[in-house]
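The values are calculated or read from the model by the stated rules, or taken from the named source; none is laboratory data. Given the structure is predicted, the values throughout are model-derived calculations rather than measurements. Note: ideal-geometry Cβ built from the backbone for every residue, glycine included; neighbour counts use all protein chains shown.
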Amino acid sequence: MAALELTKDITQEAFIKAVIHGPRLHSDDNIPGWIKWVARNTAIDFLRKWNNGHQIVGYIYDSTYTTCQNEVSVASEVETKVKFELLHLALSELKSDYKILLLLFYLCGKSYREISNELNLRESVVSQRLARARKKLLQHFLKK
């Protein structure tokens, strides 16, 4: 059970108590204060049931830590996805020669020698064009 579920359970239990005992109130003067009092006492009762709160504090800390880790994970996934989309957009704006070299080198994992043999270019030309392609890609990427 996560901390959010515990909170929902305590809130629901406080609501049920308020509904059951509400008609017995003698006065309508301070209903919001009375509801807060019921909710507070319900939470305290729940903490007492859990061994004076020692177990629940550790549990809430653990579940909150896990929730935060999940949120960080989701945030980093979204950030990675946005960067990936920007990279593809920047790649699409490059000349086809540069794009082919970058794809062969980074996606296919080919060496300068393999690329030079495949494209019938000297290794020095491949090296120079890859350097230019990286520079252009960085410029396009930073514009985004």
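Tell me, yes or no, whether region 128-142 has at least one residue that is surrounded by 13 or more Cβ atoms within 10 Å (Cβ to Cβ) and assigned to a loop (DSSP other than H, G, I, E, B). The answer is no, given that none of the residues of region 128-142 is surrounded by 13 or more Cβ atoms within 10 Å (Cβ to Cβ) and assigned to a loop (DSSP other than H, G, I, E, B). Assess whether L94 counts as being assigned to a loop (DSSP other than H, G, I, E, B) and modelled with pLDDT of 75 or more. So L94 fits the description; yes. The one condition from (1) over 30 Å from the mean Cα position of the chain (by Cα); (2) modelled with pLDDT under 80; (3) not in a helix (DSSP H, G or I) that F46 does not meet is (3).
Could you please find all residues in region 1-40 being among the acidic types (D, E), at pLDDT below 80 and assigned to a helix (DSSP H, G or I)? First the steps, then the outcome.
Initially, region 1-40 is screened for residues among the acidic types (D, E), giving 5, 9, 13, 28-29.
Cutting the leftovers down to at pLDDT below 80 gives us 5, 28-29.
Within region 1-40, just E5 meets the criteria.
Taking the conditions (1) loosely packed, with under 12 Cβ neighbours inside 10 Å; (2) at pLDDT below 75 in turn, T66 satisfies each one other than (1).
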